[in-house]
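Take a look at the structure set out below.
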Amino acid sequence: MSQIRQLAALMFTDIVGYSALMGQDERKALEVLTKNRAMQKPVIEQYNGRYIKELGDGVMASFNTVSDAVNAAIEIQRKCHTSNEFRLRIGIHVGEVVFENSDVFGDGVNVAARIQALAEPGTVWISEAVHNNISNKHGIKTKFVSVEHLKNIKEPIRIYQVLVDGDESPPLPGTSARNRASGKNIFYKHRKSVILSIGTLLILASGYTLYTVFQNASMTALRIEETADRSIAVLPFVNMSSDKDQEYFSDGLSEELLNLLAKIPQLKVIGRTSSFSFKGKNEDLREIAEKLGVAHLLEGSVRKDGNKIRVTAQLIKAKDGSHIWSETYDRDLKEIFKLQDEIAKAVVLQLKLKLLKETTPTTGNVESYNLILQGNYFYDRQDKENVAKSVDFYNQAIAVDSGNARAWGKLARAYSRQAWLNYVPRNLGRDKARKAALRAIELNPALPDGYVQLGAQKLYQDFDWHGAEELYQKAMNLEPDNVDILTRVGDGLYFVTGRWIEAVAVMKRILELDPLTPLSYLGMGNVLTHAGRPEEAIAYFLKTLELNPQFPRAHMYLGRNYLMLGKTELALEVMQQENSQAFKAFGLALATHALGRRIESDEKAKAFIDTYQNEWPYLVAELHAYRGEKDKALAWLEIAYSKRDGWLTFLKGDPLLKNLQGDDRFNGFMEKMNLPPD
C-alpha cells in the first residue's frame with residue numbers, strides 16, 4: 001500500500017437531524033442525502049479539493065490549502081441556505097495526515113471530525129490553526145467561539161466560526177460551545193453560588209414559599225451529581241448494517257446490555273422506554289443525561305453482515321461528555337452471548353463497581369435468540385398486527401429451541417397483551433398466556449417473566465390479590481429494579497387493593513428509573529386520583545401529554561379530574577382532544593352530562609354503550625354510575641364480573657362510582673371482589 005504523508009486541510013460535513021429524519025421518513029431522508037452529495041461534490045472539486053469518502057450522512061474532503069477548504073465550506077453553506085431543504089454542520093482543521101490509497105488518517109482527521117460534531121447547525125467551525133492561516137484573507141470573517149478539550153487531544157483547542165451570509169453576532173463572552181449546546185450547563189457549573197445568591201434574594205423578596213419552590217428546583221438540578229458514579233442509561237445502539245431490517249438486532253443488543261447492567265445491585269439503570277425515547281434524535285449527550293438523571297451513558301453501533309458482527313461501544317461521562325472507555329469488537333454471531341457479558345463487565349469495571357458474584361458467560365441457541373429479538377422489535381409497537389407478528393417470532397424461537405425459557409416468557413407476555421387489548425378472544429389469549437408462563441417457570445425458575453405473567457392472570461382475571469402478590473414478590477426478589485415488575489406492583493397490585501402510600505412510593509421509584517415514559521406518569525396520576533388527590537394527579541396527566549400529546553386515555557383522565565374539580569367547560573375541551581375513539585366517546589358522554597346537556601348526553605351515552613358494551617362493560621358501569629343510574633351501573637358491574645373484565649381492578653377509589661358508595665348492593669359487590677368498601 002502506498003502512503004503519502006503531507007500537510008492538508010480536512011473538512012467534515014454532516015446533515016443536521018438526519019437520523020431522526022431517517023426514522024420518520026426513509027424516502028425523504030434518502031432524497032436529502034442524494035441532494036447533499038450532488039451539491040457538495042462539484043463545490044469541493046471547484047476549490048481543488050479531494051472528495052475522499054462518505055460517512056453515513058456526512059462527507060469527508062481534503063484540500064491542499066486552507067483558503068480553498070474554507071471557501072468551499074462557505075459556498076456549500078450558502079447553497080444549503082438558499083435551497084432551505086436541510087442544514088449542515090461543517091468542521092475544518094489543518095494538520096499532518098497520511099494518505100493511503102483512497103483514504104486518509106491521522107490526528108488532523110480526528111480534530112476536524114470533532115470540531116464538526118461541536119458546530120452549531122448551519123455554521124462552519126474551524127480550529128485556531130485554520131484561523132491563523134485565513135485571518136488576513138480578504139472576504140473571510142471569523143469570530144471566536146470557545147476553547148474546547150477534544151477527546152484524545154492533549155492540548156485544548158481554540159475554535160472559531162467562519163461568518164457566512166446572515167450569521168449571528170458573536171456569542172457573549174464566557175459562553176462556550178458546550179454551554180450553548182446544552183443551555184443549563186452554565187448553571188450547573190456555578191450552581192452553588194447561583195443557588196446561594198438567588199435563594200437569599202428569594203427569601204428577602206418573596207418569602208419562604210417561593211424559596212421552597214426554588215429549593216426543590218435546585219435539588220432537581222443537582223440530580224446528576226447526587227447519583228455520582230452509580231447511574232447509567234443504555235442508549236439504543238445505531239444500526240450500521242447495510243440492511244435496515246437488521247435494526248431489530250441493534251435494538252435487541254442494547255436492551256440485552258441494559259438488562260445485564262440492571263442486575264448490578266449498586267447501579268441505577270434507566271429503563272428501556274426512557275432510554276429508547278432518544279432513538280433517532282440528534283440531541284446533545286449531556287442534555288440526554290440530564291433528562292434521564294444519570295451520570296453515564298453507554299452508546300454504540302452494530303454492523304451485522306450474515307453471521308459476522310462488529311460492535312462498537314462507548315462509555316461516556318455525562319458531566320463533560322468525555323469518553324471513559326471505548327472498544328470495537330469483531331465477532332461471529334455465535335459469540336453474541338459472550339460478547340454481551342464482556343461489554344457489561346467492562347462497564348462495571350470502569351464504574352468501579354462489584355458484581356455480587358463472578359458470572360459465567362451466558363449461553364443459548366443463537367438462532368432462537370435472534371428470533372426473540374425480532375419478536376421484541378414487533379411487540380414494542382403494541383398494535384394488533386405487530387403484536388401478532390411478535391407471537392409468530394416467539395413461536396419460531398420455541399420451535400428452534402423448545403427449552404428456551406425466555407422465549408416462553410415473552411410469548412406469555414404477548415398473549416397477555418392480545419387478551420388485554422381484545423386483539424384475540426379474551427379467554428383464549430389468557431389461557432395461552434397462562435400455559436406459556438407456567439412453561440417458562442418450569443424451564444427456568446430464576447427468570448421473572450413467568451411469575452410476572454402469572455401474577456397478571458391472578459390480578460386481572462382471577463381477582464386473587466394474595467396469589468398475585470406472592471408471584472410478584474418472587475419476581476421482585478429476582479430483579480428488584482425491573483421497571484415492568486415494579487409497574488405491575490405499584491400501578492397494579494397496590495393500586496387495585498387501595499394501598500395508596502405503598503403505590504405512590506413504588507410509582508416514584510418507577511419515575512426515577514424510567515423518567516420519560518408516558519405510561520408511568522399516567523399510572524401515577526391514576527393512583528393519586530383514586531387515592532382522593534385529584535388536583536395533584538393533574539400534573540402527572542399533563543406530563544404524560546407533554547411526553548406524548550396523543551397518548552391514549554391521557555386526555556380522558558385529565559378531563560375526568562377537571563370534572564371532579566368542577567371545571568366542566570375545561571373538561572369538555574380536554575375530552576375532545578382524546579386520541580382513542582372509545583375513550584373520547586366515553587369522556588364526551590361524561591362531560592356533556594356534567595354540563596347539563598341532557599339530550600346530547602343521552603345520545604352520546606347510548607352511542608358509546610351500543611358500540612363498546614361488549615368490549616368495555618366496566619366503562620359502561622362507570623358511565624351509568626356517574627349519571628346517577630344506580631341499578632344499571634350495578635347490573636353492568638355484574639356483567640363485567642361475569643366477563644372477567646380486567647378493568648374491574650379500577651374499583652377501589654374510582655371517582656366515577658362515587659354515586660354507588662353507601663349502597664348495600666355495591667358493598668356486597670366489593671366484598672365479592674375481596675375489597676373493603678371505600
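Laboratory data are not the source of any read-out in this text; all were calculated from the coordinates shown. Not measured: the values here are computed from a predicted model. Neighbour counts are summed over all protein chains in view; Cβ atoms, including those assigned to glycine, are modelled from backbone coordinates with ideal geometry.
Remarks
- Backbone HN-Hα couplings from phi across segment 268-281 [Karplus 6.51/-1.76/1.60, Hz, Gly and Pro as x]: 8, 10, 5, x, 4, 4, 5, 4, 7, 5, 9, 4, x, 9
- The largest-to-smallest principal axis extents of the Cα set in the chain are 91, 66, 46 Å.
- Note on ALA38 and THR82: the model spin-label points, each 7 Å out from Cα along the C-beta direction, lie 1.5 nm apart.
- Cβ-placed point charges (K, R +1; D, E -1), dipole of the chain about Cα centre in debye, nearest 20: 600 debye
- Note on segment 364-447: dipole from Cβ charges, positive end direction compared against ASN365, VAL387, PRO425; the farthest Cα belongs to PRO425.
- Paramagnetic reach from LYS53 (point 7 Å along Cα→Cβ, amide N under 11 Å) across segment 84-105: 100-105
- Using the Cβ-Cβ distance between LYS28 and ILE639 with R0 set to 41 Å, the FRET efficiency works out to roughly 0.25.
- In plain terms, if you count all Cα to Cα distances in segment 365-480 and split them into 10 Å steps from zero, the share in each step is 17, 46, 33, 5 percent.
- Relative contact order %, the chain, counting alpha carbon pairs below 8 Å whose residues are six or more apart: 6 percent
- Whether segment 228-363 is rounded, prolate or oblate, judged on the alpha carbon gyration tensor where a/c under 1.5 counts as rounded: oblate
- Peptide packing: for 439-446, 320-327, 337-344, the average count of neighbouring Cβ atoms within 10 Å per residue gives the ranking 337-344, 439-446, 320-327, highest mean first.
- Annotation: the residues ARG499, ARG331, sorted from fewest to most other C-beta atoms within 10 Å of their own C-beta, follow the order ARG331, ARG499.
- Gain in span if fully extended, LYS143 to GLN473, counting 0.36 nm per residue against the direct Cα distance: 112.7 nm
- Once the Cα-Cα distance is subtracted from the 0.36 nm per residue extended length, the ILE501 to GLN576 segment shows a gain of 23.7 nm.
- Summing Cβ point charges (Lys, Arg +1; Asp, Glu -1) relative to the Cα centre of segment 1-130 gives a dipole of roughly 240 debye.
- In this simple spin-label approximation, TRP420 and GLU100 carry label points 7 Å from Cα along the Cα→Cβ vector, and these lie 5.3 nm apart.
- For segment 484-551, the Cα-based Rg and Dmax, in that order, read 10.9, 30 Å.
- Segments 484-493, 520-529, 424-433 sorted - mean Cβ within 10 Å per residue, highest first: 520-529, 484-493, 424-433
- Leading residue at positive end of dipole, segment 484-551 (Cβ point charges), from LEU522, LEU542, MET507: MET507
- Calculated diffusion of segment 3-181, Stokes-Einstein form, Kirkwood radius summed over Cα pairs, 4 °C and 1.567 mPa s, µm²/s: 79 µm²/s
- Given LYS458/LYS508; LYS410/LYS474; LYS143/LYS279, the pairs whose alpha carbons are separated by over 23 Å: LYS458/LYS508; LYS143/LYS279
- For segment 416-429, 3J(HN,Hα) computed residue by residue from phi via the Karplus equation (6.51, -1.76, 1.60; θ = phi - 60°) reads 4, 4, 4, 5, 4, 9, 6, 6, 9, x, 4, 5, 5, x Hz, glycine and proline entered as x.
- Once both labels are positioned 7 Å from their Cα atoms along Cα-to-Cβ, the gap between ALA20 and ARG5 label points is 4.4 nm.
- Pairwise Cα separations in segment 239-319 fall into 5 Å bins from 0 onward with the following percentages, short to long: 3, 13, 23, 26, 18, 11, 5, 1.
- Principal axis analysis of the Cα atoms in segment 557-612 yields extents of 29, 24, 14 Å, listed in decreasing size.
- Per residue, the chain reaches -17000 deg cm²/dmol at 222 nm when only DSSP H runs of four or more residues are counted, each adding -39500 (n - 2.57).
- Remark: the ASP462-ILE324 segment gains 44.6 nm on full extension, using 0.36 nm per residue and subtracting the alpha carbon distance.
- Amide hydrogen proximity for LYS268: with H placed 1.01 Å from N in the peptide plane, the residues at 5 or more positions away or on another chain lying under 5 Å are SER231, ILE232.
- Under-5 Å amide H pairs with ARG553, H placed in peptide plane, nonlocal only: ASN579, SER580
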